[in-house]
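*Asks:* Got a structure for you, questions after.
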Amino acid sequence: MSFVLYETEGAVGIITINRPEALNALNSSVLDELGAVLDAVDLDSIRALILTGAGEKSFVAGADIGEMSSLTKAEGEAFGKKGNDLFRRIETFPIPVIAAINGFALGGGNEIAMSCDIRICAENAVFGQPEVGLGITPGFGGTQRLARLVSPGMAKQLIYTALNIKADEALRIGLVNAVYPQAELMDAAKKLAGKIAMNAPIAVRGCKKAINDGLEAGMDEAIVIEEKIFGDCFETEDQREGMANFLRKKDDPAKVKHVAFKNA
Ligand code: CO8
């Protein structure tokens, strides 16, 4: 593995796209290695992931333009599918994924960030979908996820104009949740991931699935999705202990303790 690094800190896994000489652009090898890292995540011990880019300049500057430049129609479609399959895997990965965007998030870079559950960025981050300036459409989910994440009108403006926006504008339109000085970004991402990791893992996974699946359904179907996932939490050790802890606290505040949720 050379283009993607993976390390763990407690219950948090950190994936770093590591091709700084090309501003972490996504070629086929990077996509393959990202898939392999996801395969290797130990879901018994890891409760949240952080995705970031190596260096202080770029998160991901897009799909690799050199690799794409000579593709045929069929190869272009296949490359789009390769990215889409991987990004959909990130989007539906059982545990939350936080994108820590440390610079350029252009084209496929913005698209991979949008497949994550939560996006936070550094003050130097730049976002955009430059594809129409290269003679292509966004091909790793950009036309779909951007229109769902921000307003359809704003998504169309960004995609049709190919103009980049800075971190403060990304915050204003809801593309990211928060902006930090570059030096504080990873600590903020780890703190956020750590907070998630302290909560009951079955419940957190259930929330991710309920939100994702519900957003793809009509409201009548969506609330049934929630009911089923809600019901599945009961009789788990975490539900019993989480609620027993609350009742003990009511009884005697001195009995306050942190519940060490078990994923069971
Ligand atoms: N692909 C390949 N190499 C890249 C990319 C990229 N997307 N971005 C940067 N690089 C390389 C540069 O070629 C350069 O390499 P070298 O040193 O060998 O010349 C190195 O990274 C550093 O880049 P720059 O010298 O250009 O750095 P600057 O600070 O001057 O500029 C920019 C930074 C503004 C980010 C500039 O590099 C740039 O505009 N990059 C391209 C951004 C872009 O257009 N991205 C979108 C690509 S299209 C896409 O992502 C579509 C996704 C869906 C694909 C579906 C397929 C079918």
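*Asks:* When residues of the range 26-40 are filtered for being over 16 Å from residue 88 (Cβ atoms), under 17 Å from the mean Cα position of the chain (by Cα) and touching a residue at least 40 places away in the same chain (Cβ under 8 Å), how many remain?
*Replies:* Of the residues in that region, 0 qualify.
*Asks:* If I ask for residues that are touching a Lys or Arg at 6+ places or on another chain (Cβ under 8 Å), within 12 Å of the ligand (Cβ to nearest atom) and either of a type in the set (A, V, I, L, M, F, W, C) or in contact (Cβ under 8 Å) with a residue 40 or more places away in the chain (or both), which ones from the range 97-112 would you list?
*Replies:* Listed by number, the residues that qualify are 103, 104.
*Asks:* With respect to residue 148, is the statement that it is of a type in the set (D, E, K, R), under 17 Å from the mean Cα position of the chain (by Cα), modelled with pLDDT of 95 or more and surrounded by fewer than 18 Cβ atoms within 10 Å (Cβ to Cβ) true? It would help to see each step written out before you state the result.
*Replies:* Details: of a type in the set (D, E, K, R): yes; under 17 Å from the mean Cα position of the chain (by Cα): yes; modelled with pLDDT of 95 or more: yes; surrounded by fewer than 18 Cβ atoms within 10 Å (Cβ to Cβ): yes.
When the stated conditions are applied, residue 148 passes them.
*Asks:* Moving to a separate point now. Between a first residue in the range 159-175 that is farther than 17 Å from residue 137 by Cβ and a second residue that is part of a loop (DSSP other than H, G, I, E, B), which pairs have beta carbons less than 6 Å apart while being 6 or more apart in sequence or on different chains?
*Replies:* 167/123; 167/125; 170/176; 173/150; 174/150; 175/150
*Asks:* In the range 70-95, how many residues are open to solvent by 10 Å² or more (accessible area, probe 1.4 Å), more than 10 Å from the ligand (Cβ to nearest atom) and not in a helix (DSSP H, G or I)?
*Replies:* Adding up the residues that qualify gives 5.
*Asks:* Regarding residue 196, is this residue modelled with pLDDT of 95 or more, more than 21 Å from residue 93 (Cβ to Cβ) and surrounded by 15 or more Cβ atoms within 10 Å (Cβ to Cβ)? Spell out how you get there, then give the answer.
*Replies:* Working: modelled with pLDDT of 95 or more: yes; more than 21 Å from residue 93 (Cβ to Cβ): no; surrounded by 15 or more Cβ atoms within 10 Å (Cβ to Cβ): yes.
For residue 196, the condition - modelled with pLDDT of 95 or more, more than 21 Å from residue 93 (Cβ to Cβ) and surrounded by 15 or more Cβ atoms within 10 Å (Cβ to Cβ) - is not met.
*Asks:* Within the range 210-264, how many residues are modelled with pLDDT under 95, surrounded by 13 or more Cβ atoms within 10 Å (Cβ to Cβ) and within 25 Å of the chain's Cα centre (by Cα)?
*Replies:* 2
*Asks:* Among the residues of the range 6-26, count how many are within 16 Å of the ligand (Cβ to nearest atom), among the polar types (S, T, N, Q) and open to solvent by 20 Å² or more (accessible area, probe 1.4 Å). Before you say what the answer is, go through the steps one by one.
*Replies:* In the first step, residues of the range 6-26 are kept if they are within 16 Å of the ligand (Cβ to nearest atom); the result is 17-26.
Now restrict to residues that are among the polar types (S, T, N, Q): 18, 24.
Restricting the remaining residues to those that are open to solvent by 20 Å² or more (accessible area, probe 1.4 Å) gives 18.
The number of residues fulfilling the criteria is 1.
*Asks:* Another question, if that's okay. Being near the ligand (Cβ under 10 Å from one of its atoms) and not in a helix (DSSP H, G or I): is that true of residue 51 here?
*Replies:* On the way: near the ligand (Cβ under 10 Å from one of its atoms): no; not in a helix (DSSP H, G or I): yes.
For residue 51, the condition - near the ligand (Cβ under 10 Å from one of its atoms) and not in a helix (DSSP H, G or I) - is not met.
*Asks:* How do the pairs read when you match residues in the range 65-89 that are over 23 Å from residue 117 (Cβ atoms) with residues anywhere that are near the ligand (Cβ under 10 Å from one of its atoms), using Cβ under 6 Å and keeping only pairs 6 or more apart or on different chains?
*Replies:* 67/27
*Asks:* If we keep just the residues of the range 54-67 that are open to solvent by less than 10 Å² (accessible area, probe 1.4 Å) and either of a type outside the set (A, V, I, L, M) or out of contact with any helix residue (DSSP H, G or I) (no Cβ under 6 Å at 6 or more places or on another chain) (or both), which is nearest to residue 197 (Cα to Cα)?
*Replies:* If we filter the range 54-67 for residues that are open to solvent by less than 10 Å² (accessible area, probe 1.4 Å), which is where we start, we get 58-60, 62.
The next check asks that each one be either of a type outside the set (A, V, I, L, M) or out of contact with any helix residue (DSSP H, G or I) (no Cβ under 6 Å at 6 or more places or on another chain) (or both); those that pass are 58-59, 62.
Details: 58: 27, 59: 24, 62: 30 Å.
Per the stated criteria, the residue is 59.
*Asks:* Can you report the number of residues in the range 118-141 which are aliphatic (A, V, I, L, M) and either modelled with pLDDT under 95 or within 12 Å of the ligand (Cβ to nearest atom) (or both)? Steps first, please.
*Replies:* Within the range 118-141, the subset aliphatic (A, V, I, L, M) is 118, 120, 122, 125-126, 132, 134, 136.
Narrowing the set further to residues that are either modelled with pLDDT under 95 or within 12 Å of the ligand (Cβ to nearest atom) (or both) leaves 125-126, 132, 134, 136.
Summing the residues that are aliphatic (A, V, I, L, M) and either modelled with pLDDT under 95 or within 12 Å of the ligand (Cβ to nearest atom) (or both) in the range 118-141 gives 5.
*Asks:* Could you pull out the residue among 31, 38 that is within 16 Å of the ligand (Cβ to nearest atom), in a helix (DSSP H, G or I) and at pLDDT 95 or above? Steps first, answer last, please.
*Replies:* On the way: 38 fails: within 16 Å of the ligand (Cβ to nearest atom).
It is 31.
The values are calculated or read from the model by the stated rules, or taken from the named source; none is laboratory data. Because the structure is predicted, anything quoted here is derived from the model rather than measured. Please note: Cβ atoms are built from the backbone with ideal geometry, for glycine as well, and neighbour counts cover all protein chains shown. For the accessible areas, the whole protein counts, side chains as well, though only heavy atoms, and no ligand, DNA or RNA atoms are used. Shrake-Rupley method; radii C 1.70, N 1.55, O 1.52, S 1.80 Å.
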